[in-house]
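Structure below; questions to follow.
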Amino acid sequence: MAGWRDDAIQVPRGPEPGGLGAVYRTFGETLRGLRTTFGRIVEGPHVIQYPEEKTPVYPRFRGRHKLHRFEDTGLEKCVGCSLCAAACPAKCIRVVAAENTPENQVSAGERYAAVYEINLTRCIFCGYCEVACPFDAITMGNDYELSDYSRSDLIFTKEMLLADPPEHTPLRLEGE
Amino acid sequence: MIEVESTLVLIAKAIVIFLVVLTVIPILTLVERKLMGRFHSRYGPNRVGPKGLLQPLADALKLLSKEQSAPETAVPWMMALAPAIAIASGTATLAIIPWGPFDAWGGDFGLYGIDVPIAILYFLAFGSLSFYAFLLGGWSSGSKYSFLGSMRSAAQLISYEVSLGLSLIGVVMTAGSLSLVDIVESQSNIWYVVPQFAGFCIFMVAAFAESARAPFDLPEADSELVAGYNTEFGGMRFGSFLFAEYIEMIAIAAIATACFLGGWRGPGPEALAPLWTALKIGGFLFLFIWVRFTLPRLRYDQLMSFGWKLLLPLATLNLLVTAIVLVVT
């Protein structure tokens, strides 16, 4: 049993409450608190005036999704395989595929997404859809200003996801 | 010595005091909110008007346009009366604040509302009257929680009124007069904050409690006790209580200035007296706001035991020592 107390740690205790010492300590601590708060005035505000000023996000930031086209041909990258919908843990993606025809060539593959909807009220921005996509057709963008007046306005259609956002979210470099 | 002034001068001074207070309070609310922002490392209100300067106007508009709701069990006329008492008793105190000596600006008038020979008593009396605003306000609301809140407030105010009075008696004994003008006049050699330092500290603590400011803002502990006596008040009646609290704050700061910081005394010609008074009062108001954002609110039993078991004995001791020193010298 020798040395069973060796693991014991001395826990520092505060001074006994009450008495003149307590009055003195309270007074001192009050003054220290006043100095701390006054320091905040001297320091000045640490505020980003949000709608006017924005903090740039990192490129890896997962904001609102984007669908992509091939830059040379202009065809949609999405082939309507629904892998993103299968990967989605929130079940917020709905894909209805249709066959490409020579007259109506929408995507580069055999099929294309006739309907591609993301319900952003349900989306948890996990980025699994981006990982699941074999053609890099869907990626997570950087836009986070997604508030709207009604829930139905937050169901983004294919056209909305393909379009360039009206305002670009400021970006910063990785490690900046 | 009490100088005699004509009735016309008194009326004119009353109007000036009212106008100044009505202008200063909204500015003070803005300053408090701006400073609150700075203490929290943020800007505070800065959206309404340039730099947020019109914020008090927006607040007043909001309060005025709100509904005056009341529970069915309320006593309507008394509920209307309570905020009026709060404002009246607060404003009455402002009459005795000395801003300058009798002939500072020439002419036959003093820079104070009225120089009563019982000024300290007058201040304590009107301070006590403001209990009725709290008590009536809480009781006439017809809500048991408001009633409990008003009891809490009244108990606090009565407890600290004792220490407040006792800490001022030291000054009164040293000056040999109850008139605030005489008290300021007698501080020509040394401000009473030096010989009466203990009294000053006790007065300041009691003043925080008396004006219901943090850390003693239990009458309206907004974050945990949900106000209390003013819970059922809405619109401008609630605004009046708020207004009265700020008036009380100014009054107490002014009394502290006159009794401990030499009132209007400062370098420069005597015509600058109101400026010095205003500066000192402003310093106290800053201290009030500063402390509000530093110290956490006391628990109710802590408040009571602090008031009766520490502050009151200290105030009595200070009184005794002052009396002994005065007799010996």
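The values are calculated or read from the model by the stated rules, or taken from the named source; none is laboratory data. The model shown is predicted, which means the values in this text are computed figures rather than measured ones. Backbone-built Cβ (ideal geometry, glycine too); neighbour counts: all protein chains shown.
Residue-wise test of (1) buried (at least 17 other Cβ atoms within 10 Å of the Cβ); (2) in the same structural domain as A:Phe70 (by TED's automatic domain parsing); (3) modelled with pLDDT under 85.
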position: A:Cys123; (1), (2), (3): yes, yes, no
position: A:Asp136; (1), (2), (3): no, yes, no
position: A:Ser147; (1), (2), (3): no, yes, no
position: A:Asp153; (1), (2), (3): no, yes, no
position: A:Glu176; (1), (2), (3): no, no, yes
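Any idea which residue in the stretch A:162-174 is modelled with the highest pLDDT, counting only those that are within 21 Å of A:Gly74 (Cα to Cα) and surrounded by 11 or more Cβ atoms within 10 Å (Cβ to Cβ)? Full working, then the answer.
First pass over the stretch A:162-174, keeping only residues within 21 Å of A:Gly74 (Cα to Cα): A:162-166.
Cutting the leftovers down to surrounded by 11 or more Cβ atoms within 10 Å (Cβ to Cβ) gives us A:162-163, A:165.
Numbers: A:Leu162: 87, A:Ala163: 84, A:Pro165: 74.
Result: A:Leu162.
Would you say B:Ile25 is under 30 Å from A:Arg35 (Cβ atoms) and either touching a residue at least 12 places away in the same chain (Cβ under 8 Å) or surrounded by 14 or more Cβ atoms within 10 Å (Cβ to Cβ) (or both)?
On the way: under 30 Å from A:Arg35 (Cβ atoms): yes; either touching a residue at least 12 places away in the same chain (Cβ under 8 Å) or surrounded by 14 or more Cβ atoms within 10 Å (Cβ to Cβ) (or both): yes.
In short, yes.
On the given criteria, is B:Ser140 of a type outside the set (A, V, I, L, M, F, W, C), touching a strand residue (DSSP E or B) at 6+ places or on another chain (Cβ under 8 Å), buried (at least 16 other Cβ atoms within 10 Å of the Cβ) and modelled with pLDDT of 85 or more?
Values: of a type outside the set (A, V, I, L, M, F, W, C): yes; touching a strand residue (DSSP E or B) at 6+ places or on another chain (Cβ under 8 Å): no; buried (at least 16 other Cβ atoms within 10 Å of the Cβ): yes; modelled with pLDDT of 85 or more: yes.
Judged against the criteria, B:Ser140 is not a match.
Out of A:Lys66, A:Lys54, A:Lys77, which single residue is within 30 Å of A:Asn119 (Cα to Cα), in contact with a His (Cβ under 8 Å, 6 or more places away or on another chain) and in contact (Cβ under 8 Å) with a residue 40 or more places away in the chain? Break it down into steps so the answer makes sense when it comes.
Values: A:Lys66 fails: in contact with a His (Cβ under 8 Å, 6 or more places away or on another chain); A:Lys54 fails: in contact with a His (Cβ under 8 Å, 6 or more places away or on another chain).
One residue alone meets the criteria, A:Lys77.
Does A:Glu159 count as out of contact with any His (no Cβ under 9 Å at 6 or more places or on another chain), surrounded by fewer than 14 Cβ atoms within 10 Å (Cβ to Cβ) and acidic (Asp, Glu)? Walk me through how you get there before you give the answer.
Details: out of contact with any His (no Cβ under 9 Å at 6 or more places or on another chain): yes; surrounded by fewer than 14 Cβ atoms within 10 Å (Cβ to Cβ): yes; acidic (Asp, Glu): yes.
When the stated conditions are applied, A:Glu159 passes them.
Taking the stretch B:258-302 on its own, how many of its residues are outside any loop (DSSP other than H, G, I, E, B) and out of contact with any Pro (no Cβ under 9 Å at 6 or more places or on another chain)? Full working, then the answer.
Just the residues of the stretch B:258-302 that are outside any loop (DSSP other than H, G, I, E, B), to begin with: B:258-260, B:270-292, B:300-302.
With the extra rule that they be out of contact with any Pro (no Cβ under 9 Å at 6 or more places or on another chain), the set shrinks to B:259-260, B:271-272, B:274-275, B:278-290, B:300-302.
Residues meeting the conditions: 22.
Kindly check whether there is at least one residue in the stretch B:234-251 that is away from chain A (no Cβ under 14 Å), in contact (Cβ under 8 Å) with a residue 40 or more places away in the chain and closer than 20 Å to B:Gly170 by Cα.
Within the stretch B:234-251 (the criterion being away from chain A (no Cβ under 14 Å), in contact (Cβ under 8 Å) with a residue 40 or more places away in the chain and closer than 20 Å to B:Gly170 by Cα), the answer is yes, since at least one residue qualifies.
Within the stretch B:88-102, can you find the residues that are touching a Leu at 6+ places or on another chain (Cβ under 7 Å) and of a type in the set (Phe, Trp, Tyr)?
Result: B:Trp99, single match.
Checking the condition within 30 Å of B:Gly52 (Cβ to Cβ), within 14 Å of chain B (Cβ to nearest Cβ) and free of Cβ contacts under 8 Å to residues at least 24 places away in the same chain, which residue from A:Gly33, A:Gly28 passes?
Working: A:Gly28 fails: within 30 Å of B:Gly52 (Cβ to Cβ).
Only one candidate qualifies: A:Gly33.
On to the next question. Can you pull out the residues in the stretch B:209-231 that are more than 19 Å from the chain's Cα centre (by Cα) and buried (at least 23 other Cβ atoms within 10 Å of the Cβ)?
Passing the criteria: only B:Gly228.
For a quick check of your reading of the model, give me the residue pairs whose first member lies in the stretch B:32-47 and is at the interface with chain A (Cβ under 7 Å from one of its Cβ atoms), whose second is surrounded by 19 or more Cβ atoms within 10 Å (Cβ to Cβ) and hydrophobic (A, V, I, L, M, F, W, C), with beta-carbon atoms closer than 6 Å and at least 6 apart or on different chains.
Listed pairs, sorted by first residue: B:Phe39/B:Phe293.
Do we find that A:Cys129 is surrounded by 14 or more Cβ atoms within 10 Å (Cβ to Cβ) and either in a loop (DSSP other than H, G, I, E, B) or modelled with pLDDT under 90 (or both) in this structure? Full working, then the answer.
Working: surrounded by 14 or more Cβ atoms within 10 Å (Cβ to Cβ): yes; either in a loop (DSSP other than H, G, I, E, B) or modelled with pLDDT under 90 (or both): no.
So A:Cys129 does not fit the description; no.
Confirm whether B:Lys62 is assigned to a helix (DSSP H, G or I), of a type in the set (D, E, K, R), surrounded by fewer than 16 Cβ atoms within 10 Å (Cβ to Cβ) and away from chain A (no Cβ under 14 Å).
Numbers: assigned to a helix (DSSP H, G or I): yes; of a type in the set (D, E, K, R): yes; surrounded by fewer than 16 Cβ atoms within 10 Å (Cβ to Cβ): yes; away from chain A (no Cβ under 14 Å): yes.
Spelling it out, B:Lys62 is indeed assigned to a helix (DSSP H, G or I), of a type in the set (D, E, K, R), surrounded by fewer than 16 Cβ atoms within 10 Å (Cβ to Cβ) and away from chain A (no Cβ under 14 Å).
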